[in-house]
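Step one of this worksheet: look at the structure below.
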Amino acid sequence: MTRIVVDASVLAAVAFGEPDGAGWSDRLDGSAVFAPSLLRYELCSVARKKCRQSPQQAAAIIAALALALEPQQGITWLDPDPADVVLMANATGLTPYDASYLCLAGMLGADLLTADRTLTSALDSFTR
């Protein structure tokens, strides 16, 4: 089974039914999915922004958030060591938030699934 670390850009697309969400969902299907606990709060931030942009959709947005974070969704929540996150952030120029995803993927020997161009660029340069 493929191990995947998922970041907020991907999980938000899936959870909130964004146009590219179905494609990301297909890539996650059948994989062991991992994420740092900060992903929960990043999804809350996305939900807040969506609620402010479309207040009439707030109930549906909150319901989608709750569904995405339910235990049966199969995400294993695991946090990398904070010292490793700082070292990774320093080595890549990423924020500690983004570095936590990269660090977790490295720790698990997992693929990192992200739509974030900055994180993708750091991943590409770091894995060369």
Among (1) 13, 44, 33, 10, 1; (2) 11, 31, 26, 17, 10, 5, 0; (3) 10, 22, 16, 18, 19, 11, 3, 1, 0, only one was calculated for this model; which label is it, if the read-out is P(r) over Cα pairs in 10 Å bins from 0, in percent? (1)
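Which order, highest average first, do 100-108, 72-80, 112-120 follow once you tally other Cβ atoms within 10 Å for each residue and take the mean per peptide?
By packing density, highest mean first, the sequence is 100-108, 112-120, 72-80.
What number comes out for the charge environment of ALA47, summing +1 per Lys or Arg and -1 per Asp or Glu over other residues with Cβ under 13 Å away?
Working: positive: ARG40, ARG48, LYS49, LYS50, ARG52; negative: GLU18, GLU42.
With Lys, Arg at +1 and Asp, Glu at -1, the net is +3.
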Sites THR76 and ARG27, calculated FRET efficiency, Cβ-Cβ separation with R0 22 Å, nearest 0.05: 0.85
ASP111 to ALA91: extension gain in nm, 0.36 nm per residue of separation minus the Cα-Cα distance? 5.3 nm
Protection proxy ranking of 2-13, 45-56, 23-34 - average other beta-carbon atoms within 10 Å, highest first: 2-13, 23-34, 45-56
Calculated from DSSP helices alone, with each H run of at least 4 adding -39500 (n - 2.57) and the total divided by the residues of the chain, [θ]222 nm to the nearest 500 comes to -18000 deg cm²/dmol
Hey, in the GNM for the chain with a 10 angstrom Cα cutoff, which one of LEU94, LEU43, LEU67 fluctuates hardest? LEU67
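Just so you know, all these numbers are worked out from the coordinates, no wet-lab data involved. The structure presented is a predicted model; accordingly, all values stated were derived computationally and were not measured. Note: ideal-geometry Cβ built from the backbone for every residue, glycine included; neighbour counts use all protein chains shown.
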